[in-house]
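**Student:** I'd like to ask some things about the structure below.
The values are calculated or read from the model by the stated rules, or taken from the named source; none is laboratory data. Source: prediction; values computed, not measured. We place every Cβ from the backbone using ideal geometry, glycine too, and count neighbours over all the protein chains shown. Ligands, DNA and RNA are excluded from the accessible area calculation, which covers all protein heavy atoms including side chains. Shrake-Rupley method; radii C 1.70, N 1.55, O 1.52, S 1.80 Å.
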Amino acid sequence: MPLGDLIPYAILTALLATMLFYFVGAEEGATSVFPGMTLHEWVHDARHLLGFPCH
């Protein structure tokens with residue numbers, strides 16, 4: 001497969017990884033997209049695994 005054909009997949013993968021990183025690491029407080037602590041609780045253990053403080 002030519003390298004040019006892989007670029008859209010690489011961009012999509014980078015975008016999804018960035019979104020996942022945001023929701024695991026930054027979805028809390030002033031930068032919160034969703035109100036409340038529901039999303040924080042869903043990703044709580046992943047936050048600690050990746051080294052994000054949350055307490």
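**Student:** Rounding to the nearest 10 and keeping the result within 0 to 90°, find how far the Cα-based axis of helix 3-25 lies from the longest principal axis of the chain.
**Tutor:** 0 degrees
**Student:** Determine the gain in length on full extension of the stretch residue 19-residue 1; use 0.36 nm per residue of separation and subtract their C-alpha separation, reporting nm with one decimal.
**Tutor:** Here the segment from residue 19 to residue 1 would lengthen by 3.8 nm.
**Student:** Between (1) 47, 22, 16; (2) 24, 20, 19; (3) 32, 24, 16, which matches Cα extents along the principal axes in Å calculated for the structure shown?
**Tutor:** (1)
**Student:** Hey, can you find the accessible area per residue of the chain for me, probe 1.4 Å, expressed in square angstrom?
**Tutor:** For the chain, the solvent-accessible area averages 80 Å² per residue.
**Student:** In the chain, what percent of the accessible surface is made up of carbon and sulfur (1.4 Å probe, ligands and nucleic acids excluded)?
**Tutor:** 75 percent
**Student:** Now, a different point. Kindly report, to the nearest 10 Å², the accessible surface of residue 15 as traced by a 1.4 Å probe over protein heavy atoms only.
**Tutor:** About 100 Å², rounded to the nearest 10.
**Student:** Would you mind getting me the FRET efficiency between residue 34 and residue 9? Use the beta-carbon distance for r and R0 = 30 Å, nearest 0.05. Please report the intermediate quantities before stating the final value.
**Tutor:** Details: r = 28 Å, r/R0 = 0.94.
After rounding, the FRET efficiency stands at 0.60.
**Student:** Sort 41, 27 by heavy-atom solvent-accessible area, probe 1.4 angstrom, most to least.
**Tutor:** 41, 27
**Student:** Counting Lys and Arg as +1 and Asp and Glu as -1, what is the net charge of the other residues whose Cβ lies under 15 Å from the Cβ of residue 45?
**Tutor:** Taking every other residue near residue 45 into account, the sum is -2.
**Student:** Counting only protein chains, not ligands or nucleic acids, how are 52, 34 ordered by accessible area (probe 1.4 Å), most first?
**Tutor:** 34, 52
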